[in-house]
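Contents: one structure, followed by commentary.
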Amino acid sequence: MALRMKVCMFVGLFLLSLAWKAAWAKVQVNMEDRVEVFLGDTAQITCMFTVSDSPDNVIIQWYMITKTNVRLRIYYGNGTMQVVDRGGQFTDKINVKGMGNSSEVVLTIRDVKLEDELEFICHVNGMSAGSDEGRTALKVFASPDRPIITGEESGISVSNEYPTKIGSCEAKNGYPRPNITWYRDQSSLQNTPGEVSVVTLVTKESSGLYTVQSDLHLNVVKKDKDSLFYCEVSYLVPGGTKMTETNKINITVYYPTTSLDVWVESPKGSVKEGDTVEVHCRANGNPQPPFTFMHNMEELESDLNVLVLKNVTRQSNGNIMCTALDLDTYEETLGQTELFVDYLDPAVLIPKHTHVMAQGEELMATCNALSSLPTHTVWFKKGKKVAEGHTLTLKDAVFDMAGTYVCVVKVSSLEGLETSGSLRVFVEGRPEIKKSADPVQEVSPEKSQKLSCHARGYPTPVITWSSSDKSQILKLSQRETEDEVLSVVSIKVTSDVTAYCNASNDHGTVSFSFSLKAKGSGVIIAVIIICILLLAILGSVLYFLYKKGKLPCGRSGKQDLTKPNKGGIVVEMKSDNTEEAVLLSVNGDKKPPSDQGDKYMYVQK
């Protein structure tokens with residue numbers, strides 16, 4: 001009994017000593033649970049501690065826990081030395097800062113690798129103050145490459161009984177393993193028996209990084225033809241999680257045809273005779289089935305889904321039918337449209353072609369064209385509008401009304417649908433000569449002058465030329481129409497001459513004269529006028545001298561002019577039987593020939 005009491009007392013004292021020792025321990029270590037870093041970066045693991053009695057020497061030791069759960073020292077040191085254990089994986093890539101009684105030491109690991117993702121222990125030995133240690137797990141992260149999505153190139157039928165692969169998504173070189181989620185139009189897709197199946201393949205590369213491939217299998221429906229599919233890749237990074245989306249893809253969905261659309265693609269709007277018509281047919285299924293076209297129950301050749309009708313006429317009007325056979329269900333689908341071709345017949349003119357009317361008469365011409373649409377008619381002459389409407393009225397006909405009238409009939413509501421016709425109008429009557437040049441012209445002597453004469457009338461006038469002196473007239477050219485003629489001639493001018501253009505037809509003759517003046521005859525006339533003016537001046541001088549008494553002759557006005565007088569002047573005034581001769585007397589008066597005496601007058605200087 002006494003022995004038992006002694007043993008119990010000894011155990012109690014031992015436990016009490018342990019409790020007292022723990023209560024008065026002087027070393028305490030604090031560390032983070034984990035440190036996170038990107039692959040290839042530098043990691044820093046901090047060991048914070050306190051030593052209550054500040055011993056002279058504190059020993060710090062760092063350990064790692066291997067993948068096989070073995071504790072290995074990688075470093076130890078105190079205030080006087082620092083030693084990195086040789087031969088380990090951290091020999092050349094770690095260092096420690098802060099020693100002695102410092103409250104913090106930092107283990108730095110450079111160029112972190114995946115194999116460095118371990119648990120690290122910081123052991124602090126305070127000698128008499130005791131010891132303590134803490135642990136931190138190093139976590140390494142690598143962001144994956146941008147994910148790649150691929151879709152199935154072949155179409156997928158809605159009639160497939162089981163989910164069919166529609167695409168694949170791949171994320172490479174991530175750590176830890178990335179996760180892939182599929183989306184259809186913003187809605188995530190989860191495994192659903194008979195509808196959705198996601199198959200994921202994870203590969204660990206030789207580098208230790210992960211590649212994840214995810215295949216989506218889907219039981220498609222028709223509405224999936226417009227859906228967009230994409231993947232979202234989520235992966236861990238230091239301090240959180242990131243997500244990256246792929247491009248969006250669309251898949252080809254095959255589904256049966258239930259209806260057809262048939263329409264006239266070209267031309268847009270109304271169709272007119274002469275057009276080339278394209279009729280298109282389109283099914284609401286996919287792929288498009290083979291089509292057959294029928295026009296008024298007659299099968300026509302076509303190119304795929306297009307029927308081409310060239311140079312259509314009003315006989316092309318009618319029903320155009322398109323039929324399609326679904327190769328999966330062998331069901332036939334029908335669609336149809338109506339074709340209507342607008343037309344405009346050739347213009348009909350009354351009177352036709354040509355019409356002859358006498359001067360002063362009236363003409364009422366009409367122009368009409370049968371059409372499926374309202375028409376508008378305009379009359380033109382020489383490109384100028386002269387009337388509007390189906391009727392052209394010409395009153396009190398004159399030559400100016402002759403010519404070609406063109407009626408143009410258009411369908412205003414349909415461009416390009418128009419027709420035209422022409423009416424040639426002749427106005428009967430005596431010819432009329434158009435004045436095309438000055439009737440009086442000056443011409444150098446011995447030069448040829450070109451003359452033109454333009455006459456109109458119906459029947460077509462005949463032009464002849466003549467001259468006052470029967471000069472030779474050379475015809476150069478002559479142009480004729482049904483009611484006009486233009487004649488061009490050349491005449492050689494030697495003296496003043498008059499040339500005549502004569503135009504005649506069944507209704508009479510008219511003439512037009514050209515007066516051609518030789519430029520030389522004008523000079524002779526000018527010389528004569530100058531001589532007369534000189535004689536008049538001379539007479540005035542003699543009269544002035546006579547008044548002053550400078551002349552020896554008497555006031556009688558008579559003197560023998562036959563006798564020579566030295567120093568005098570004799571003026572001869574000639575006359576003939578047909579022309580009166582005027583003799584200047586000494587006093588300047590005119591005298592008739594009977595009073596003039598001799599034909600000479602002697603004037604004394």
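Restricting attention to region 85-101, the residues that are open to solvent by less than 40 Å² (accessible area, probe 1.4 Å) and at pLDDT below 90 add up to 3.
Taking the criterion of being of a type in the set (Ser, Thr, Tyr) and open to solvent by less than 80 Å² (accessible area, probe 1.4 Å), the residues of region 322-344 that qualify are Thr323, Thr329, Thr333, Thr337, Tyr343. Of the residues in region 534-542, none is touching a Ser or Thr at 6+ places or on another chain (Cβ under 8 Å) and in contact (Cβ under 8 Å) with a residue 24 or more places away in the chain.
Residues that are of a type outside the set (A, V, I, L, M, F, W, C) and either over 23 Å from Gly126 (Cβ atoms) or under 60 Å from the mean Cα position of the chain (by Cα) (or both) within region 45-91 comprise Thr66, Lys67, Thr68, Asn69, Arg86, Gly87, Gly88, Gln89, Thr91, listed in sequence order. Within region 345-390, being of a type in the set (Gly, Ala, Ser) and surrounded by 16 or more Cβ atoms within 10 Å (Cβ to Cβ) holds for Ala347, Ala365, Ala369, Ser371, Ser372, Ala387.
Those residues that are part of a strand (DSSP E or B) and free of Cβ contacts under 8 Å to residues at least 60 places away in the same chain, I need them from region 259-279; list them, please. Answer for region 259-279, where residues must be part of a strand (DSSP E or B) and free of Cβ contacts under 8 Å to residues at least 60 places away in the same chain: Glu265, Ser266, Glu278. Here is the figure for region 421-446: residues that are assigned to a strand (DSSP E or B) and out of contact with any helix residue (DSSP H, G or I) (no Cβ under 9 Å at 6 or more places or on another chain) total 12. Within region 340-355, no residue satisfies the criterion of being modelled with pLDDT under 95 and among the hydrophobic types (A, V, I, L, M, F, W, C). Within the bounds of region 227-245, is there any residue that is within 40 Å of the chain's Cα centre (by Cα) and over 12 Å from Arg184 (Cβ atoms)? Yes; the residues of region 227-245 include at least one that is within 40 Å of the chain's Cα centre (by Cα) and over 12 Å from Arg184 (Cβ atoms).
Residues checked against (1) touching a strand residue (DSSP E or B) at 6+ places or on another chain (Cβ under 8 Å); (2) part of a strand (DSSP E or B); (3) among the charged types (D, E, K, R):
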| site | (1), (2), (3) |
| --- | --- |
| Cys281 | yes, yes, no |
| Gln288 | yes, no, no |
| Thr292 | yes, yes, no |
| Asn311 | no, no, no |
| Ile320 | yes, yes, no |
| Thr323 | yes, yes, no |
| Thr337 | yes, yes, no |
| Pro346 | yes, no, no |
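For region 158-168, enumerate the residues that are buried (at least 16 other Cβ atoms within 10 Å of the Cβ) and in contact (Cβ under 8 Å) with a residue 60 or more places away in the chain. Residues satisfying the conditions are Val158, Ile166, Gly167.
Of all residues in region 328-343, those that are farther than 24 Å from Val409 by Cα have Cβ atoms under 9 Å from Cβ atoms of residues that are of a type in the set (D, E, K, R) and part of a loop (DSSP other than H, G, I, E, B), 6 or more apart or on another chain, in Glu332/Asp326; Thr333/Asp326. A residue that is of a type in the set (Val, Ile, Thr), at negative phi and more than 53 Å from the chain's Cα centre (by Cα) cannot be found anywhere in region 206-226. Pairs are defined by a Cβ separation below 6 Å, a sequence spacing of at least 6 or placement on different chains, a first member in region 378-404 that is over 29 Å from Arg430 (Cβ atoms) and in a loop (DSSP other than H, G, I, E, B), and a second member that is of a type outside the set (Val, Ile, Thr) and open to solvent by less than 60 Å² (accessible area, probe 1.4 Å); the pairs so defined are His390/Cys367. Could you tell me whether any residue of region 115-134 is over 30 Å from Leu228 (Cβ atoms), touching a residue at least 40 places away in the same chain (Cβ under 8 Å) and within 60 Å of the chain's Cα centre (by Cα)? No, every residue in region 115-134 fails to be over 30 Å from Leu228 (Cβ atoms), touching a residue at least 40 places away in the same chain (Cβ under 8 Å) and within 60 Å of the chain's Cα centre (by Cα).
For Gln478, the conditions (1) out of contact with any helix residue (DSSP H, G or I) (no Cβ under 7 Å at 6 or more places or on another chain); (2) part of a strand (DSSP E or B); (3) open to solvent by less than 50 Å² (accessible area, probe 1.4 Å); (4) not β-branched (Val, Ile, Thr) all hold with the exception of (3).
For region 405-420, which positions are among the small types (Gly, Ala, Ser) and either open to solvent by less than 20 Å² (accessible area, probe 1.4 Å) or outside any strand (DSSP E or B) (or both)? Within region 405-420, Ser412, Ser413, Gly416 meet the criteria.
Within region 223-234, one or more residues are closer than 25 Å to Lys113 by Cβ and in contact (Cβ under 8 Å) with a residue 40 or more places away in the chain. I need a count of the residues in region 403-418 that are in contact with a Lys or Arg (Cβ under 8 Å, 6 or more places away or on another chain), farther than 16 Å from Leu349 by Cα and of a type in the set (Ser, Thr, Tyr). Total meeting the criteria: 0.
Of all residues in region 237-253, those being part of a strand (DSSP E or B) and open to solvent by 80 Å² or more (accessible area, probe 1.4 Å) number 4. Counting only strands (runs of 3 or more DSSP E) that fall entirely inside region 103-153 and contain at least 3 residues that are touching a Phe, Trp or Tyr at 6+ places or on another chain (Cβ under 7 Å), at pLDDT 95 or above and open to solvent by less than 60 Å² (accessible area, probe 1.4 Å), the qualifying elements are 119-125, 131-141. Considering (1) modelled with pLDDT under 90; (2) in contact with a Lys or Arg (Cβ under 6 Å, 6 or more places away or on another chain), the lone condition that Glu161 does not fulfil carries the number (2).
The values are calculated or read from the model by the stated rules, or taken from the named source; none is laboratory data. Please read all numbers here as calculations on a predicted model, not as lab measurements. Quick reminder, even Gly has a Cβ in these numbers, built from the backbone with ideal geometry, and neighbours come from all protein chains shown. Heads up: the accessible areas ignore ligands, DNA and RNA and are worked out on the full protein's heavy atoms, side chains in. Shrake-Rupley method; radii C 1.70, N 1.55, O 1.52, S 1.80 Å.
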